[in-house]
Ligand SMILES: C[S@@+](CC[C@H](N)C(=O)[O-])C[C@H]1O[C@@H](n2cnc3c(N)ncnc32)[C@H](O)[C@@H]1O
């Protein structure tokens, strides 16, 4: 295995700064001159046929090792990812909803509706919507349980039609106030996203059944066994340690509770896949620049989608976190997938 000193290397998809034909495997210490040791400069790349197939590693100033991760197509030390993700959403927060409609031609609304239809929550259920951003999933959840409750009340009223007025009045009087109330908690690491969501909630008239909490998916600020449903929509690919977020989801769910994730996934149809790639890389960053004045954040968005595990791999990760009956549903040919699992 030859060793090769090269110029600094940043992203796996950029042209490689060495001759990848030399052999099928190379280990490259890139950007590392002896003088650089201790200045955070060591990278190790495992390359097969010109493609980086293994993680890089860095040495920090104190000489301790820090693993690397990806930020879109860039490779960054793990410790930097959360901050960079934070900046992306801080920057897009005000235009986030408009951009979602523009980028997906409104289809994200149907994907979110599908999540609720599969969830089919009943009155009384408590939701934790992690990486909940501007609240789309929680609003839909509360609307859904309200309409379920209305349907159940109408059904009960129909089956009570033979009761006397006195019996109906008595049944209302004996009903416990607040029984079966549903609650939704939107938890997000980004205050700017939550601020936009709260404002939207006020305008739309959502009340005390909705709360907003700043928190990290990897370290949720909630006790164990608290929620009936945990959702994370278009959020988990932004998290540095996905396994850790999945374990936290498992911890805060009640036994019998349901984990549901809506996320971009893999398109299997080759024609749809190439159309989707062209649209993602050539149209979305342009829309980001025109509508939000922010090319880079939307470039990150499309790149991060390509780095997220495919449907089967992610299913395995959910199972590894301890969930049972894990399954997934592809939407729009796999552009997005809904993964679901239960805590037993
Ligand atoms: C693409 S937005 C999705 C928002 C919302 N769920 C939706 O579907 O519209 C991703 C959200 O994930 C949040 N996020 C990123 N990393 C997070 C983390 N470690 N913990 C909690 N939220 C995080 C971001 O702040 C952002 O609001």
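The values are calculated or read from the model by the stated rules, or taken from the named source; none is laboratory data. No experiment lies behind these values; they were computed from the predicted model shown. Positions of Cβ are generated from backbone atoms using ideal geometry, with glycine treated the same way; all protein chains shown enter the neighbour counts.
Scanning region 228-242 for residues that are part of a helix (DSSP H, G or I) and within 9 Å of the ligand (Cβ to nearest atom) returns 236, 237, 238. In the set 262, 271, 301, 275, only one residue is within 16 Å of the ligand (Cβ to nearest atom) and part of a helix (DSSP H, G or I); that residue is 301. Of 337, 245, all but one fail to be in a helix (DSSP H, G or I) and under 14 Å from the mean Cα position of the chain (by Cα); the exception is 245.
Annotation: residue 203 fulfils all but one of (1) free of Cβ contacts under 8 Å to residues at least 12 places away in the same chain; (2) within 16 Å of the ligand (Cβ to nearest atom); the unmet one is (2).
Conditions (1) out of contact with any strand residue (DSSP E or B) (no Cβ under 7 Å at 6 or more places or on another chain); (2) touching a residue at least 60 places away in the same chain (Cβ under 8 Å), marked per residue:
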{"position": "274", "(1), (2)": "yes, no"}
{"position": "294", "(1), (2)": "yes, yes"}
{"position": "310", "(1), (2)": "yes, no"}
{"position": "319", "(1), (2)": "no, no"}
{"position": "323", "(1), (2)": "no, yes"}
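Each residue in region 278-298 was checked for being surrounded by fewer than 19 Cβ atoms within 10 Å (Cβ to Cβ) and assigned to a helix (DSSP H, G or I), and 11 of them qualify.
What tally of residues in region 78-118 results from selecting those that are away from the ligand (no atom under 14 Å from the Cβ), free of Cβ contacts under 8 Å to residues at least 60 places away in the same chain and either crowded, with 18+ Cβ neighbours inside 10 Å or part of a helix (DSSP H, G or I) (or both)? The total comes to 1. Just to be sure, is residue 147 more than 11 Å from the ligand (Cβ to nearest atom) and modelled with pLDDT under 95? So residue 147 fits the description; yes.
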